[in-house]
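Worksheet for the structure shown next.
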Amino acid sequence: MTVAVDSTAAKTRGGRAPRPGPFGRLRRSYQKHWYAYAMIAPVVVVLGVLVIYPLVRGFYLTLTDADSLNSARTIGVNHIDATYRFIGFDNYADILWGPTSYDRFWSHFIWTIVWTALCVALHYVIGLGLAMLLNQKMRGRTFYRLLLILPWAVPTFVTVFSWRIMLSDSGIINSVLGSLHLPQPQWLEDTFFQRSAAVLVNTWCGVPFMMVSLLGGLQSIDPVLYEAAEMDGASSWQRFWNVTLPGLRSVSSTVVLLGVIWTFNQFNVIFLLFGNTAPDAQILVTWAYYLGFGQQPRDYAQSAAYGVLLLSLLAVFTSFYYRWLNRNEQLA
């Protein structure tokens with residue numbers, strides 16, 4: 001009896017029990033947290049069907065020459081099998097440095113970057129200005145908040161179609177400009193004005209979200225900080241620069257990141273405003289749609305390759321953006 005106790009104590013003192021393998025740890029985790037696994041299982045299945053499988057399938061298509069002529073299809077009672085071939089990374093090479101790479105990718109890429117930067121900057125500046133106004137004590141503040149949030153509450157297709165009517169040659173905007181003896185731009189025909197109209201409409205749609213988010217951030221800033229700054233003789237600009245902006249740092253970093261992702265992939269505004277009639281105003285996501293569904297034959301492989309490139313660009317941007325934010329927080 002004494003020998004057994006001593007040997008057990010020696011094992012305990014001399015070393016740890018052997019660590020279970022990955023399957024053992026998984027089994028123990030499942031036995032301990034089976035209820036949590038059961039709760040998240042439906043979400044995992046839905047994500048797998050709606051997100052993971054399309055991503056994997058889309059990436060596989062980028063490695064082929066699939067289009068509407070060689071894909072599997074059914075015509076009447078006849079089923080035609082797929083005949084597309086595996087070609088590796090040729091689609092990416094053709095998109096990035098092929099003979100028509102500038103017209104098909106780089107020109108749209110440059111415009112997408114400009115479009116995203118302009119829209120997000122306008123969203124933030126106008127949204128912050130309106131949020132600061134609504135954060136003041138004024139009569140009818142609730143009514144103004146409801147009025148300014150309407151563009152966000154109205155469905156996007158209604159807003160864009162309304163702007164399309166107003167921007168047409170005989171629309172109200174050109175009618176007003178004509179009555180003032182000012183030039184009447186071709187908003188839906190000329191490339192420069194098409195891009196200007198797209199930025200205008202997207203700004204109208206996106207400002208309310210930015211305004212509401214920044215308004216919540218403004219209301220979370222302690223008023224004592226403003227009072228202390230005012231007692232120290234700080235001007236309005238100094239209070240804004242040293243109190244308001246630092247107080248909005250966490251909110252601003254989040255809404256700007258969301259704004260970049262949403263604007264970079266903003267399909268609705270461009271497509272509903274121009275359809276396929278404005279090739280030079282198309283951003284990458286609408287151009288990918290055109291390649292896959294707006295031409296004959298439909299180029300499924302290149303359209304999917306555009307999607308993978310878009311995802312990669314956003315992933316790289318998000319990674320650098322978070323690193324930049326973390327470095328600034330450490331310096332602060």
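Within the bounds of the stretch 270-289, is there any residue that is among the hydroxyl-bearing types (Ser, Thr, Tyr), farther than 24 Å from Gly127 by Cα and open to solvent by 20 Å² or more (accessible area, probe 1.4 Å)?
Quick first cut of the stretch 270-289, residues among the hydroxyl-bearing types (Ser, Thr, Tyr) only: 277, 286, 289.
Applying the additional criterion that residues be farther than 24 Å from Gly127 by Cα yields 277, 286, 289.
Retained after the next criterion (residues that are open to solvent by 20 Å² or more (accessible area, probe 1.4 Å)): 277, 289.
Yes: the stretch 270-289 contains one or more residues that are among the hydroxyl-bearing types (Ser, Thr, Tyr), farther than 24 Å from Gly127 by Cα and open to solvent by 20 Å² or more (accessible area, probe 1.4 Å).
Among the listed residues Arg57, Arg73, Arg164, which satisfies the condition of being more than 30 Å from Ser252 (Cα to Cα), of a type in the set (Lys, Arg) and in contact (Cβ under 8 Å) with a residue 12 or more places away in the chain? On inspection, the qualifying residue turns out to be Arg164. Can we say Phe23 is in contact (Cβ under 8 Å) with a residue 40 or more places away in the chain and in a helix (DSSP H, G or I)? It is false that Phe23 is in contact (Cβ under 8 Å) with a residue 40 or more places away in the chain and in a helix (DSSP H, G or I).
Restricting attention to the stretch 150-169, the residues that are of a type outside the set (A, V, I, L, M), open to solvent by 40 Å² or more (accessible area, probe 1.4 Å) and under 23 Å from Asp280 (Cα atoms) add up to 6.
Selection of helices (runs of 4 or more DSSP H) fully inside the stretch 142-230 by the criterion of at least 3 residues being over 30 Å from Phe271 (Cβ atoms) returns 191-219. The single condition among (1) of a type in the set (Phe, Trp, Tyr); (2) open to solvent by 30 Å² or more (accessible area, probe 1.4 Å); (3) more than 30 Å from Leu133 (Cα to Cα) that Phe209 does not meet is (3). Taken together, the criteria exclude Pro42 from residues that are of a type outside the set (A, V, I, L, M), more than 20 Å from Gln296 (Cβ to Cβ) and within 19 Å of the chain's Cα centre (by Cα). Is there a residue being more than 32 Å from the chain's Cα centre (by Cα), among the aliphatic types (A, V, I, L, M) and exposed (fewer than 14 other Cβ atoms within 10 Å of the Cβ) anywhere in the stretch 218-228? For the stretch 218-228, residues more than 32 Å from the chain's Cα centre (by Cα), among the aliphatic types (A, V, I, L, M) and exposed (fewer than 14 other Cβ atoms within 10 Å of the Cβ): present.
Quick check: is even one residue across the stretch 122-140 touching a residue at least 12 places away in the same chain (Cβ under 8 Å), closer than 30 Å to Tyr290 by Cα and open to solvent by less than 60 Å² (accessible area, probe 1.4 Å)?
Restricting attention to the stretch 122-140, the residues satisfying the condition of being touching a residue at least 12 places away in the same chain (Cβ under 8 Å) are 122-124, 126-128, 130-132, 134-135.
When the remaining residues are screened for being closer than 30 Å to Tyr290 by Cα, the result is 122-123.
Still in the list and also open to solvent by less than 60 Å² (accessible area, probe 1.4 Å): 123.
Checked against the condition, which is being touching a residue at least 12 places away in the same chain (Cβ under 8 Å), closer than 30 Å to Tyr290 by Cα and open to solvent by less than 60 Å² (accessible area, probe 1.4 Å), the stretch 122-140 yields at least one hit.
Residue count for the stretch 229-264 satisfying the condition of being closer than 29 Å to Trp111 by Cβ, buried (at least 17 other Cβ atoms within 10 Å of the Cβ) and not hydrophobic (A, V, I, L, M, F, W, C): 3.
The values are calculated or read from the model by the stated rules, or taken from the named source; none is laboratory data. A quick note: this is a predicted structure, and the numbers were derived from the prediction, not measured. Heads up, the Cβs are rebuilt from the backbone with ideal geometry, glycines too, and the neighbour counts pull from every protein chain shown. Heads up: the accessible areas ignore ligands, DNA and RNA and are worked out on the full protein's heavy atoms, side chains in. Shrake-Rupley method; radii C 1.70, N 1.55, O 1.52, S 1.80 Å.
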